[in-house]
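Taking it in order: structure first as structure tokens, then the write-up.
The values are calculated or read from the model by the stated rules, or taken from the named source; none is laboratory data. Because the structure is predicted, anything quoted here is derived from the model rather than measured. Quick reminder, even Gly has a Cβ in these numbers, built from the backbone with ideal geometry, and neighbours come from all protein chains shown.
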Amino acid sequence: MITFIDTPIDMQPWEKSTSSIYISPTTMSVSLFALLKNMLLHASIPAIFGSALLDKYPNLVQDMEAMDEGMEYFLAGWPAMMPVKGVFAKHWGRRKVWEAVDGFQKALDGFVADEDGWEDGGEEADVWGDLGDVSELMLERNQLWRGMLIP
């Protein structure tokens, strides 16, 4: 779970986002809850959405956390330019999550089902790279929604 490395560039992504502090080659100070949460997110997002989502948006987990922390601002209808500390950062995190999800959905729209499985036929998928590891659940969900929205 922890690499015990003092340079952030060599740390795992879940270590960087938990603000872990290197003390010695065998000791680090880190929040266990934040470490577990970030590690599970970095494992579950590629398992469900494929590895291309985190490859294209490496800060997605941090953006999701910012969006989650700003939920009270969104529910209250506060605009991004509200003169309260942190409101803009929360709105920016939400915008980045929307951008990632929207781009991912557009890339999945290029997939079509046939007898042999799923075939990549979209231009947006070329920008995203290999989407072959996207879970069957996400592909079928996208196919279902496309069928409902397009007559």
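State which residue pairs qualify: first residue under 19 Å from residue 41 (Cα atoms) and modelled with pLDDT of 75 or more and inside region 1-29, second residue small (Gly, Ala, Ser) and assigned to a loop (DSSP other than H, G, I, E, B) in any location, beta carbons under 8 Å apart, and separation of 6 or more residues or different chains.
Once the first residue is under 19 Å from residue 41 (Cα atoms) and modelled with pLDDT of 75 or more and sits in region 1-29, its partners that are small (Gly, Ala, Ser) and assigned to a loop (DSSP other than H, G, I, E, B) give 2/20; 11/20; 18/31.
Give 100, 107 a once-over and let me know the one that is at pLDDT 90 or above, in contact with a Phe, Trp or Tyr (Cβ under 7 Å, 6 or more places away or on another chain) and not hydroxyl-bearing (Ser, Thr, Tyr).
Going through 100, 107 in turn, the sole match is 100.
So for region 71-92 (the condition being within 28 Å of residue 146 (Cα to Cα), among the aliphatic types (A, V, I, L, M) and in contact with a helix residue (DSSP H, G or I) (Cβ under 6 Å, 6 or more places away or on another chain)), does at least one residue qualify?
Kept after step one, since they are within 28 Å of residue 146 (Cα to Cα), are these residues of region 71-92: none.
There is no residue in region 71-92 that is within 28 Å of residue 146 (Cα to Cα), among the aliphatic types (A, V, I, L, M) and in contact with a helix residue (DSSP H, G or I) (Cβ under 6 Å, 6 or more places away or on another chain).
In region 2-33, how many are in a strand (DSSP E or B), of a type outside the set (Gly, Ala, Ser) and in contact with a strand residue (DSSP E or B) (Cβ under 9 Å, 6 or more places away or on another chain)?
Number satisfying all stated conditions: 4.
Among the aliphatic types (A, V, I, L, M), modelled with pLDDT under 85, part of a helix (DSSP H, G or I) and not assigned by TED's automatic domain parsing to the domain that holds residue 39: which single residue out of 112, 127 fits that description?
127
Condition check ((1) part of a loop (DSSP other than H, G, I, E, B); (2) loosely packed, with under 12 Cβ neighbours inside 10 Å; (3) without any contact (Cβ under 8 Å) to a residue 12 or more places away in the chain; (4) of a type in the set (Phe, Trp, Tyr)) across all residues:
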site	(1), (2), (3), (4)
35	no, no, no, no
46	no, no, no, no
67	no, no, no, no
73	no, no, no, yes
78	yes, no, yes, yes
81	yes, yes, yes, no
88	no, no, yes, yes
96	no, no, no, no
107	no, no, no, no
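Could you give every pair whose Cβ atoms fall below 9 Å, whose first residue belongs to region 129-146 and is in contact (Cβ under 8 Å) with a residue 40 or more places away in the chain, and whose second residue is assigned to a loop (DSSP other than H, G, I, E, B), counting only separations of at least 6 or pairs across chains?
Matching pairs, first to second residue: 130/50; 131/50; 131/110; 132/50; 133/50; 134/50; 135/50; 138/50.
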